[in-house]
């Protein structure tokens, strides 16, 4: 069985992405790792080139600013990386620059890939998610987070990244997937508050479009230079272990994050009820899913 990993990244240093840790976390279970490097304004290229592995294959890209609205450019960059994977790979393992895969799941996901390799009904494998928020010690557990997403797909060139690179589709149809007993660790909302606010402000361009971007910037500039982490519906304490590749970053957390996990900030009674159902019964009714579980 042959497995190709792929990812894309731009300005990882500027915005504090754990991209080195991300790539290293799946290197042991892939035969090659495609990294699509965007036209960064920082030392991202040198950072990626510093990773010592013969598995890494770098391609270069210039992001199209005309594809900002709706995050479309993120899907385009994902497809560029995916299209550069080996034609004879059985599976493609996608990981975003702020995601890290725990080594405790290596054998599980590898065995699942072996199990479903020749099953033509299975287009991909579905992962559970831990969304870290504000600190490496807390995760978001409310409804605003997606609980699952596709991260391993069959090597079928008809499969394309969807919308803002959140998932995949084939011929504009949802993929048929098997749920795996693994978690992806998402660190996109764990940064020093100043770096987080800078990322939050700048990344508005990928969803607001060119015309609305100036208004977005004007609103953000009136806010504090530090990101307000209190605007979250619910968090809980993380009691597990972080991937080994993350231990150095976790130990360097140099900001204070104070939130009471008992306090909830739901918009309405409906959200409170849905949260209660998810926490007590493990069911998330009405949750959007860009896939078909089989």
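Every number here is computed from the coordinates shown, using simple stated rules; none is lab data. Please read all numbers here as calculations on a predicted model, not as lab measurements. Every residue, glycine as well, gets a Cβ built from its backbone with ideal geometry; the counts of neighbours run over all protein chains shown.
Where both residues lie in the range 10-160, what percent of DSSP beta bridges are antiparallel, nearest 5?
65
Indicate the gyration tensor shape class of the range 1-100 (rounded, prolate or oblate), computed on the Cα atoms with a ≥ b ≥ c the square roots of the eigenvalues: a/c under 1.5 is rounded; otherwise a/b larger than b/c is prolate and the rest oblate.
oblate
Given the rule -39500 (n - 2.57) for each run of at least 4 DSSP H residues, summed and divided by the residues of the chain, what is its mean residue ellipticity at 222 nm, to the nearest 500 deg cm²/dmol?
-8500 deg cm²/dmol
What shape does the range 237-294 have by the C-alpha gyration tensor, where a ≥ b ≥ c are the square roots of the eigenvalues, rounded means a/c under 1.5, and otherwise prolate means a/b greater than b/c and oblate the rest?
Oblate.
So how much slack lies between residue 117 and residue 269, counting 0.36 nm per residue of separation and subtracting their Cα-Cα distance, in nm?
Between residue 117 and residue 269, full extension yields an extra 50.3 nm.
With the cut-off at 1.5 for a/c, could you classify the chain from its C-alpha gyration tensor as rounded, prolate or oblate?
Taking the square roots of the gyration eigenvalues as a ≥ b ≥ c, the chain is rounded.
Counting DSSP beta bridges with both partners in the chain, what percentage is antiparallel, nearest 5?
Within the chain, antiparallel bridges account for around 45 percent of the total.
In nanometres, what is the gap between the two model label sites at residue 52 and residue 200, each 7 Å from Cα along Cα-to-Cβ?
Here the modelled spin labels are 3.9 nm apart.
Which order do peptides 181-191, 37-47, 100-110 fall in by mean Cβ count within 10 Å, highest first?
181-191, 100-110, 37-47
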